[in-house]
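These notes are about the structure you will find just below.
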Amino acid sequence: MMGWELVAAFARLADPVNLLALGLSVLGGVLVGVIPGLGPFLAIVVLLPFTFHLTPDASLLALVGIFIGGSYGGAVTAILLGIPGTPLAAATMLDGRPMAERGEAGRALGLAVTASVFGGIVSVALLTAFSPLLARLALNFGPAEYTLLGILGLTTVASVAPGSTLKGLLAASFGLLLATVGSDSPTATPRFTFGLVTLNAGLGLIPVLLGLFSIAQVVVMLEGDTSRSTAVSGVARWPQWPAAGEVRRLAPTYVKSSVIGTLIGALPGAGGVIAAFVSYAEARRASRHPERFGTGTPEGIVASEAANSAVTGGALIPTLTLGIPGDAITAVIMGALFIHGLTPGPNLYRDHTDLLATVFVGMLLANLFMLLIGMYVVRAVVYAAGVRATLVIPGVLLISVLAAYAVQTSMLDVGIMFLFGLIGYLMRKLGFPLAPVVLGMVLGELIELSLRRALTVADGDVLALLTRPYALGIIGLITILLLWPVLGRKRLAPATGGAE
Amino acid sequence: MTLARLERVAGACGAALGLGVYLVARSIPGPPSGGWMEDPAFWPRILAGAILVLSALLALRPGGPERAVSFGRAERGLLLLAISAAYVWALGWAGYFAASTLWVAIIMVLAGERRWPVIVATSLILTVAGYLVFWKVMVIALPVGIIDARLGLASLYR
């Protein structure tokens, strides 16, 4: 379907700007993954305003580069310091740290990076092979299906998010509400602008994201002990290439974990942490020596790293084919597509195959960059984990202020960012998930306009929307997701005596 | 304070937000023609209802997590937000260089940095780096203020 485009994509990737965007972003992703408290999502949010100045190719390459690099970076500190730089690396630490403690840190790092790269490449291959098929299927979808798909995406993220489904749904509704601020596009009627002309264009996605994630994270960091730095001296080790015999022995784990990661990544809301733990549990279940897990077994490292990296390709499947992002990171990548005037969905596959091919080949290349960085540069990168919070905090804050200001050169956006910083901090303290807010904000217009269009076509008959076969299937999924917490509790109650 | 109690407070606030949104949505003018589904207030009203119901459920649900929520050194975070609000106000009239250098230095002190050479060097380096990336590379017009002008830095904005 996109054979020639994939070949031509190599030529586009030879453009120095594209290559530089990709290489630097992978390095940046690894770096932010290494620094505890930061992470790929924060880096993507901060990078988003910079992508205004890049071509769609370069900006998407930069964003997926950070996504890919960040998915691995956390493993470095998890192995060397026993601190997962990102939650994605928590499962890697279970075996990576014990292996490092018995003097095999180089081996653990080598296994982690090769598994990450393998997982990433498998997921790109599956994304390239299957996403055009899903996009073709999505051509049968009308406004009713898009409304329901949007709601399905939100419901999934809300129901699996940490906290409770109720809080997840509230957070998603709040995100949808934020998306209504500004002029209603069909009628140009201002809504919730309170007379501020600047708000007619709506609340900027970037200031809100920077506030909810970057500023709130800084406030949380300030609550902790910011004066101490992590001791990294003497921990740096050169990663070692895994021996051929070990690779052969671990091959089933590499493959199975990569497929698990891709599949879980494609489910809205699941994400890399769940993928890593599910894959780790499966590797342990399938192992002839499950008792060795947690003591520094290579299978544990490979299972976790291959799966959490494979999520990168999997998560892009629903985002690019249906326009339904599976998590907060892909929601921001979808926001970047909107910024460049591109609408994710089947039409993207019809009208911009060249761009998609560039992204797919770029992801492949990003994984190869990560292999080089992971094997030969990471020894220097690990020292970033020792940077004091007293230096990280002002750096993150100043970049956030400038990034929010740069969107429209508006001080109002900077003020909005700080306001949402306070909201994000309170939401975190109260256990509200933030990802549904982002998804609600990104999907808000799509859901509202699709619903209004569907109702107009059906002449206001709500029941007519529910009789379409695809729509019925999606409604079934939404119902299961909403009832799952109740059904799950009922199933659990007899086993636990109702004391869960 | 326990999380359960805080959730009840959050539920009450959410219900108030839902009610407020519903009331404000009533003032949104309707479409000149067409059905109710073309009304720009139609979707906000649905959301207001959803927020109201979900918040009420959160506020009224029995039990809930009894673990205590620690706000740690929340005063440092709140102080940061207050100082940043002042910075946003000062940025316009003082100018990017003056306001940002001072703000970064204050943030570092707030974060616990006490080595003055580090504070001075970091605040200057970060401010200049921000200027180079945003003004020189991205060509974003940063605010020029009277203090920057008095310090003779106005030429940097050309």
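Computed from the coordinates by the stated procedures, all read-outs in this text should not be read as laboratory data. Because the structure is predicted, anything quoted here is derived from the model rather than measured. When we count neighbours, we look across all protein chains shown, and the Cβ atoms used for this are built from the backbone with ideal geometry, even at glycine.
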| said: Suppose the chain between B:LEU79 and B:CYS13 were pulled fully straight at 0.36 nm per residue; how much longer would it get relative to their current alpha carbon spacing? | reply: 21.4 nm
| task | Let me have the relative contact order for segment A:240-333, percent, based on Cα pairs under 8 Å that are six or more residues apart. | result | 37 percent
| Bins of 5 Å from zero: percent of alpha-carbon pairs in segment A:235-374 | 2, 10, 15, 18, 18, 14, 10, 7, 5, 2, 0
| Hey, rough spin-label estimate for A:ARG350 and A:PHE130, points 7 angstrom out along Cα→Cβ, what's it come to in nanometres? | 2.4 nm
| With charges only on Cβ, +1 for K and R and -1 for D and E, what is the dipole size of segment B:1-154 about its Cα centre, in debye, rounded to 20? | 380 debye
| For the residue pair A:ASN140 and A:LEU419, what label-to-label distance in nm results when each label sits 7 Å from Cα along the Cα-to-beta-carbon direction? | 4.5 nm
| How far is it, in nm, from the label point at A:LEU24 to the one at A:ALA251 when both lie 7 Å from their Cα along the line to the Cβ? | 4.1 nm
| Farthest positive-ward along segment B:17-158 dipole, Cα basis, beta-carbon charges - from B:GLY112, B:LEU151, B:PRO31 | B:GLY112
| field | Other protein chain Cβ atoms within 10 Å, averaged over every residue that makes up A:170-180 | value | 6
| Where nothing but the Cβ of Lys and Arg (+1) and of Asp and Glu (-1) is charged, how large is the charge dipole of the protein assembly as shown around its Cα centre, in debye to the nearest 20? | 1280 debye
| Selected from A:ILE260, A:ALA105, A:ALA172, residue furthest toward positive end of dipole (chain A; charges at beta carbon) | A:ALA105
| request: Would you calculate a helix-derived [θ] at 222 nm for the protein assembly as shown, using -39,500 (n - 2.57) for each DSSP H run of n ≥ 4 and dividing by the full residue count, to the nearest 500? | output: -23000 deg cm²/dmol
| said: Could you compute Rg(Cα) / (2.2 N^0.38 Å) for the protein assembly as shown, with N its residue count? | reply: 0.96
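List the relative contact order of chain A as a percent without decimals, with contacts defined as Cα pairs under 8 Å and 6+ residues apart. Could you put the intermediate results ahead of the total?
Numbers: 937 pairs, mean separation 139.7, N = 500.
Once normalised by length, the contact order is 28 percent.
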| said: What is the distance in Å between the Cα centroid of segment A:263-300 and that of segment B:43-105? | reply: 37 Å
| Shape metrics for segment A:107-157, restricted to C-alpha atoms - Rg then Dmax, Å | 17.1, 52
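What stretch of chain A, leaving out the sites themselves, is the longest with no trypsin sites (Lys or Arg not before Pro) in a DSSP loop having at most 15 other Cβ atoms within 10 Å?
On the way: sites that count: A:ARG102, A:ARG228, A:ARG288.
Answer from the scan: A:289-500.
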| Between A:LEU372 and A:PHE10, what length comes free when the chain is fully extended (0.36 nm per residue of separation minus the Cα-Cα distance, one decimal in nm)? | 128.4 nm
| field | At R0 = 60 Å, FRET efficiency that the Cβ-Cβ distance of A:GLU291 and B:ILE146 yields, to 0.05 | value | 0.25
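So if each residue of separation counts as 0.36 nm, and I subtract the Cα-Cα distance between A:ALA464 and A:SER183, what length gain in nm does that give?
Working: separation 281, 0.36 × 281 = 101.16 nm, distance 2.88 nm.
Stretched fully, the A:ALA464-A:SER183 segment lengthens by 98.3 nm.
With a cut-off of at most 16 other beta carbons within 10 Å, and DSSP calling the residue loop, which chymotrypsin sites (Phe, Trp or Tyr not before Pro) in segment B:58-102 qualify? Please list them. Numbers along the way, then the final one.
Values: sites: B:PHE71, B:TYR87, B:TRP89, B:TRP93, B:TYR96, B:PHE97; in loops: B:PHE71.
Sites meeting the loop and neighbour criteria: B:PHE71.
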